[in-house]
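Have a look at the structure below before the remarks.
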Amino acid sequence: MKTTIIQFDITWASPSENIRKAEQLLAENSGSDLYVLPEMWATGFATEPDGIAEDEETSLALAWMRDASERYNCAVCGSLAIRTSEGSYVNRMYFVDGRSRKVSYYDKHHLFSYGHEDRHYSAGNSHTIVEYCGLRLLLLVCYDLRFPVWSRYGNGGVYDAIILVANWPVARQRAWQILTRARAIENQCYMICVNRVGCDSYCRYAGGSAIIEPLGKTICRCKSDTVYVATADIDIDYLQSRRSRFRVLDDRD
């Protein structure tokens, strides 16, 4: 599965401008099976979503994900600040498959209480594993990275790769580098992790987006502190060979 990670500077509370940026970066790097955007890629990390989050039924960003995935015959993944039809706010990660025209989603489970995300958003309570291109993909959002039990292989389900989207600040960049590799190693899976760059009113973001293979080796990465796109192949045969040769998952708790 040819996978492209898109790391960019999100313009605050401007879905139309961020759609323009995402469209340009995707168009310049066409030909992949999957494109992954950061957390809340259309607005920035809006912990106070009133007036910023889009209604799901009329979301410009979600409509673009549907359209782009069909035009480029691919899947597009990333999270959005969404107001549901019931009136609640969720940090919803969408996986939009343009080939089957199927839309799957995962609502962020671990809300970032340190930044008061939990005051306005409702937490999701279930895992989402998407099947695409012969792979099983676990969807996670940002702060979920710090909670290995939630993402444990065989706990929420069986999968081949984790897709993690984030707005992870530069002050905690070392944790990002360590934990993304730890999740890949402990679960013997690929880790597809996409962070943003740039600044908002609260933080600076350095990126560090990468695709990591099951032994913890980085197979592609985005340069720090800059808009960047990187592409790598997710090799299911290699993954299965590593799991069959060194069967640590058989001994998991």
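Restricting to region 123-139, give me the number of residues that are within 16 Å of residue 108 (Cβ to Cβ), in contact with a strand residue (DSSP E or B) (Cβ under 7 Å, 6 or more places away or on another chain) and among the hydroxyl-bearing types (Ser, Thr, Tyr).
Of the residues in that region, 1 qualify.
Give me the pairs: first residue in region 150-176 and farther than 24 Å from residue 133 by Cα and at pLDDT 95 or above, second residue part of a loop (DSSP other than H, G, I, E, B) and β-branched (Val, Ile, Thr), beta-carbon distance under 9 Å, and six or more apart or on different chains, which are they?
Close Cβ pairs satisfying both conditions: 167/10.
Restricting to strands (runs of 3 or more DSSP E) lying wholly in region 128-167: which have 3 or more residues that are open to solvent by less than 10 Å² (accessible area, probe 1.4 Å)? Walk me through it before giving the result.
Numbers: elements: 129-132, 135-141, 161-165.
Counting at least 3 such residues, we get 135-141, 161-165.
Examine region 229-242 for a residue that is at pLDDT 95 or above, among the polar types (S, T, N, Q), within 20 Å of the chain's Cα centre (by Cα) and part of a loop (DSSP other than H, G, I, E, B), and state whether such a residue exists.
Our first condition is that a residue be at pLDDT 95 or above; within region 229-242, this holds for 229-242.
Next cut, among the polar types (S, T, N, Q) only: 231, 240-241.
Subset that is within 20 Å of the chain's Cα centre (by Cα): 231.
Next, only the ones that are part of a loop (DSSP other than H, G, I, E, B) stay: none.
So far as region 229-242 goes, no, none of its residues is at pLDDT 95 or above, among the polar types (S, T, N, Q), within 20 Å of the chain's Cα centre (by Cα) and part of a loop (DSSP other than H, G, I, E, B).
Among the residues of region 102-127, write down those that are among the aromatic types (Phe, Trp, Tyr) and assigned to a strand (DSSP E or B). Working first, answer last.
So the first thing to find is which residues in region 102-127 are among the aromatic types (Phe, Trp, Tyr), and the list is 105-106, 112, 114, 121.
Once the filter is applied, which keeps residues that are among the aromatic types (Phe, Trp, Tyr) and assigned to a strand (DSSP E or B), region 102-127 yields 105, 106, 121.
Of all the residues that make up region 1-24, how many are more than 17 Å from residue 79 (Cβ to Cβ) and among the aliphatic types (A, V, I, L, M)?
The qualifying residues number 1.
Looking at region 9-23, which of the residues that are among the charged types (D, E, K, R) and surrounded by fewer than 17 Cβ atoms within 10 Å (Cβ to Cβ) is farthest from residue 200 (Cα to Cα)?
23
State all residues of region 191-209 that are in contact with a helix residue (DSSP H, G or I) (Cβ under 8 Å, 6 or more places away or on another chain) and of a type in the set (A, V, I, L, M); if no residue qualifies, say none. Break it down stepwise before answering.
Filtering region 191-209 down to residues in contact with a helix residue (DSSP H, G or I) (Cβ under 8 Å, 6 or more places away or on another chain) leaves 191, 193, 195, 202-206, 208.
191, 206 - these are the residues of region 191-209 that are in contact with a helix residue (DSSP H, G or I) (Cβ under 8 Å, 6 or more places away or on another chain) and of a type in the set (A, V, I, L, M).
Would you mention how many residues in region 52-67 are open to solvent by less than 10 Å² (accessible area, probe 1.4 Å) and in contact with a helix residue (DSSP H, G or I) (Cβ under 6 Å, 6 or more places away or on another chain)?
Residues meeting the conditions: 1.
Take residue 96 and decide whether it is under 20 Å from residue 184 (Cβ atoms), crowded, with 20+ Cβ neighbours inside 10 Å, under 18 Å from the mean Cα position of the chain (by Cα) and at pLDDT 95 or above. Please lay out each step first, then the result.
Numbers: under 20 Å from residue 184 (Cβ atoms): no; crowded, with 20+ Cβ neighbours inside 10 Å: yes; under 18 Å from the mean Cα position of the chain (by Cα): yes; at pLDDT 95 or above: yes.
So residue 96 fails the test.
Among the residues of region 194-205, is there at least one that is charged (D, E, K, R), farther than 28 Å from residue 47 by Cβ and surrounded by 14 or more Cβ atoms within 10 Å (Cβ to Cβ)? Lay out the reasoning, then the answer.
Going through region 194-205, the residues charged (D, E, K, R) turn out to be 196, 200, 204.
Now drop any that are not farther than 28 Å from residue 47 by Cβ, which leaves none.
For region 194-205, residues charged (D, E, K, R), farther than 28 Å from residue 47 by Cβ and surrounded by 14 or more Cβ atoms within 10 Å (Cβ to Cβ): absent.
Can we say residue 71 is modelled with pLDDT of 95 or more and either of a type in the set (Gly, Ala, Ser) or out of contact with any strand residue (DSSP E or B) (no Cβ under 7 Å at 6 or more places or on another chain) (or both)?
Working: modelled with pLDDT of 95 or more: yes; either of a type in the set (Gly, Ala, Ser) or out of contact with any strand residue (DSSP E or B) (no Cβ under 7 Å at 6 or more places or on another chain) (or both): yes.
Taking the combined requirement at face value, the residue satisfies it.
Can you tell me which residue in region 34-51 is modelled with the lowest pLDDT, limited to those that are touching a helix residue (DSSP H, G or I) at 6+ places or on another chain (Cβ under 7 Å) and not acidic (Asp, Glu)? Write out each step before concluding.
The initial filter retains those residues of region 34-51 that are touching a helix residue (DSSP H, G or I) at 6+ places or on another chain (Cβ under 7 Å), namely 35, 37, 39, 41-43, 47.
Now restrict to residues that are not acidic (Asp, Glu): 35, 37, 41-43, 47.
Details: 35: 99, 37: 99, 41: 98, 42: 98, 43: 98, 47: 95.
Taking the candidates together, the pick is 47.
The values are calculated or read from the model by the stated rules, or taken from the named source; none is laboratory data. Predicted model only: the values in this text are computed from it and were never measured. We place every Cβ from the backbone using ideal geometry, glycine too, and count neighbours over all the protein chains shown. Note: areas computed on protein heavy atoms with side chains; ligands, DNA, RNA excluded. Shrake-Rupley method; radii C 1.70, N 1.55, O 1.52, S 1.80 Å.
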